[in-house]
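These notes are about the structure you will find just below.
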Amino acid sequence: MERKGAMVVVVLLCLAVVIELPEASATRYLVGGKMGWTSNVNYTIWAQDKHFYNGDWLFFVYDRNQNDVLEVNQTNYVSCNAEHPLHNWTTGAGRDIVPLNEPRHYYFISSNGFCYSGMKIAVKVENMP
């Protein structure tokens, strides 16, 4: 009987630990909010109050006939150079999801001169605290 009581205590302790653990879930960010991925939006201001974590996603919604989503390095981000992107996330549908799957800085721009109109965003991705 004593063993059975000890087993019940162990089970209850395990349940208490599971219940107390915070639920980790990824966040999907609509880049630019209701404005989407377009020119004349300050994406630095849009991103400044957000915390991006490993496992989150960026969701780019834009005019597929004019814009694209290019991941570049920091130098090309600053200069709006789209000639050698690290990755072209453009799918052609104007609705692209970019997984933020490692803690680092990510830099995104739109080509065809739109980067000069503000279509660029830099985010720092961290591991969950």
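Please treat every number below as a calculation from the coordinates, not as lab data. All values derive from a computational prediction rather than experimental measurement. Using ideal geometry, Cβ is built from the backbone for each residue, glycine included, and neighbour counts are taken over all protein chains shown.
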For this session: Work out from phi, with θ = phi - 60° and the Karplus expression 6.51 cos²θ - 1.76 cosθ + 1.60, the ³J(HN,Hα) of each residue of the stretch 114-129, listed in order in whole Hz, and give x for Gly and Pro.
Result: 5, 4, 5, 8, x, 7, 7, 8, 10, 10, 9, 9, 10, 6, 4, x
Exercise. How do 120, 34 line up, fewest other C-beta atoms within 10 Å first?
Worked result: 34, 120
Seminar exercise, completed: Magnitude of the Cβ-charge dipole (Lys and Arg +1, Asp and Glu -1) of the stretch 83-129 about the Cα centre, nearest 20 debye, reported as 100
For this session: Please state, to two decimals, what the Cα-based radius of gyration of the stretch 35-129 comes to when divided by 2.2 N^0.38 Å (N = residues).
Result: 1.00
Exercise. So who's got an amide H within less than 5 Å of the one on residue 69, skipping anything under 5 residues away but keeping other chains? H placed 1.01 Å off N, in plane.
Worked result: 89, 90
Exercise. Could you give me the ³J(HN,Hα) list for the stretch 36-52, computed from phi with Karplus coefficients 6.51, -1.76, 1.60 and θ = phi - 60°, whole Hz, x at Gly and Pro?
Worked result: x, 8, 8, 6, 6, 10, 8, 6, 5, 5, 4, 7, 5, 9, 10, 10, 9
Seminar exercise, completed: Sparse-neighbourhood loop hits (GluC sites (Glu not before Pro), the stretch 19-106; DSSP loop; Cβ within 10 Å at most 12 others) -> 23, 83
For this session: Apply the Karplus parameterisation 6.51 cos²θ - 1.76 cosθ + 1.60, with θ equal to phi minus 60°, to every residue of the stretch 53-66 and state each ³J(HN,Hα) to the nearest whole Hz, in sequence, with x for glycine and proline.
Result: 10, 3, x, 6, 10, 9, 10, 9, 10, 7, 6, 5, 7, 10
